[in-house]
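Report on the structure given below.
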């Protein structure tokens, strides 16, 4: 196949992935809907009342949602690879490709971490977020497949960006968990959980899950920043120059470091830790969106 | 923390209170967050050390605000007193915290596991059973298992106490020490580093001495006479462009490098591959065109013959510059020039370039006579003509080889051709190896401190009144250790075989 054919294949694969993501999202929504419809309010002998769900019917839809998400991931991943083949390089040379690759990392890390952690309740959020990212990438950010500018021709592009993309995927998952924590914390302060939220783990479990995700990926993020510094040394003559992108990567790093310290040492659990985690994750997103699109500095490869 | 306030204490006590506050975890966390917040303005406002031109433009546009921003060092955030104050306090806090921790940990490394507590039931995953095996046999098995799993253990009369995961605290200390290494690296760079830029035209030779640079900044402790002694001849600069889009694909710079006592060596410099001389690196930063011109004055003397560096204005390398001839007679001559590598003419935009490579090169000139203003001793940009005391005498477009005889008999100019120039950045940073070592330590330390779990295990086996062996185990960890229960089960299974336990 020629470069152009590969580029077209990439586009079609991504469209197909979007269709399957949509089906996955609908299945996940159906799971929640069946739970809510079938919920019964039981009054326990102690007088506490709250809805209970019978998940035998909804369970199947939850599994289907995961199966569809896995299929969508494969299509999405193939689309990203095809894009790389069409351009003869790694598929992250501009904002369109950062978005398609970044969102495949989110799905990939979600499916991977699903094996060890109770994350299935996040399917709806993850598929929705990935759909929005892919949709905006295709409509707003699309640029034709092209070779790299000379500054990006380096092995470090592969190492630095892939580490950053994977870290980002996990950061966003941690953000979703922290957000769910804060929301459910408010809901629970008013009364028992409503039916739709019953399959989400307890607040305590969410808090621990968030910590585990961040602790798991923080060394990788550190590595990504250091790999970037090594690359900057060979490309720009300094390993650190407070370029806007570097500054925000530093802010993200410091914020997550503070989160880990707060959680491990001073025992900041729960609400305050969740806020800190959200803050750190937002600085990552800000770096991705604002600095890439509107920012100045040396990291301007968005192609926009 | 304690409830004592500094008012209750004397001078030394007050100092001690202050020190304790500074080195407390809470203060360190606040300083850490403060550092993050403090670095934000530098990413939103232009910074003088990164982009001085953008700072000047900003100052011109927002004069009132700029005065205050300047006072608050907001155009130089990362070198400002308040930013320095935060990170210096943070590092003092960090050192005050990590050094005592390190000393405690060094002592702990050679310490034996703590004595088995009287009551194992109060600890994590306690388990107890009667066994038919002798107590000694149980403890032997425990010892065997602990040895196999690299625990540190201590046999007591009726129990074994064990501990594992010291690497966690070692990693923690290593990580924080590595941050101090970063500070050292920054200090070395600030004291002994240097960074200079220079534009060199193809065919010219650059000699590494302070006077050869267009600008040069150096650390306070660095003697400029100690610049690495080398010369660099720029042989050829070869860019490759995408024919469809004009986007650059590749830049190759061929040079002949020569160290003071060595033979000349041909080298290739690319964007991601600087040329390295010890701790001095030479980077290819920017490039552009220099039209080559011959200028004769009114008397027929050649007053200029060679390349003039023009600065690129857009991605298609439309380049502008100035040619100044202060020695021309009867009057000083000046040209404002635009070099178009691939020229196109347009009624609205005038002349501009449509491709960065020199396919259809043209030189657009406007000629000026009068006073160039060079004699006043005021520094002037070599790329701009100060026309306040000059008059324009004509406009002309030249192709390669064409000449233009200026009106009023003041001389002539010939467009001979063009060469390329490159902007080289020469950087000396003897601290970067320290920073690299710091990074490796930081990552290793992080991995250890986040993934190694420190835990204690105990087993006790003694005979009860009936002569049966009662064995009990328990564990303790302060970390979130998901696999602890599985590990405890494994330990239990090693102590008890089928049929032995009741």
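Structural remarks
- Residues in region A:131-158 that are away from chain B (no Cβ under 14 Å), under 30 Å from residue B:245 (Cβ atoms), touching a residue at least 24 places away in the same chain (Cβ under 8 Å) and not in a loop (DSSP other than H, G, I, E, B): A:133, A:134, A:135, A:136, A:137, A:138, A:141.
- Only one entry of B:177, B:216, B:167 meets the criterion of being within 14 Å of chain A (Cβ to nearest Cβ) and more than 30 Å from residue B:464 (Cβ to Cβ), and that entry is B:216.
- Test: residue in region B:216-234 that is modelled with pLDDT under 90 and within 30 Å of residue B:342 (Cβ to Cβ): no
- Residue within region A:196-210 that is facing chain B (nearest Cβ under 9 Å), in a helix (DSSP H, G or I) and closer than 23 Å to residue B:44 by Cβ present: no
- The residue that is farthest from residue B:428 (Cα to Cα), counting only those in region B:234-244 that are within 13 Å of chain A (Cβ to nearest Cβ) and surrounded by fewer than 16 Cβ atoms within 10 Å (Cβ to Cβ), is B:244.
- Residue A:258 vs. criteria part of a helix (DSSP H, G or I), over 17 Å from the mean Cα position of the chain (by Cα) and either facing chain B (nearest Cβ under 10 Å) or under 30 Å from residue A:149 (Cα atoms) (or both): yes
- Qualifying residue in region B:451-470 (condition: modelled with pLDDT of 90 or more and part of a helix (DSSP H, G or I)): yes
- Number of the condition not met by residue B:200 [criteria: (1) within 25 Å of residue B:381 (Cα to Cα); (2) under 21 Å from the mean Cα position of the chain (by Cα)]: (2)
- Taking the criterion of being within 10 Å of chain A (Cβ to nearest Cβ), touching a helix residue (DSSP H, G or I) at 6+ places or on another chain (Cβ under 9 Å) and not in a strand (DSSP E or B), the residues of region B:245-303 that qualify are B:271, B:272, B:274.
- If you go through region A:211-253 and pick out every residue that is on the phi > 0 side of the Ramachandran plot and in contact with a helix residue (DSSP H, G or I) (Cβ under 8 Å, 6 or more places away or on another chain), you end up with 1.
- Meets criteria (in contact with a strand residue (DSSP E or B) (Cβ under 6 Å, 6 or more places away or on another chain) and either in contact (Cβ under 8 Å) with a residue 12 or more places away in the chain or crowded, with 18+ Cβ neighbours inside 10 Å (or both)) for residue B:327: yes
- Among the conditions (1) at pLDDT below 85; (2) at the interface with chain B (Cβ under 7 Å from one of its Cβ atoms), the only one that residue A:244 does not satisfy is (1).
- So residue B:486, is it part of a helix (DSSP H, G or I), within 14 Å of chain A (Cβ to nearest Cβ), modelled with pLDDT of 90 or more and closer than 20 Å to residue B:146 by Cα: yes
The values are calculated or read from the model by the stated rules, or taken from the named source; none is laboratory data. On a predicted model such as this, the values are computed, not experimentally measured, just so you know. Backbone-built Cβ (ideal geometry, glycine too); neighbour counts: all protein chains shown.
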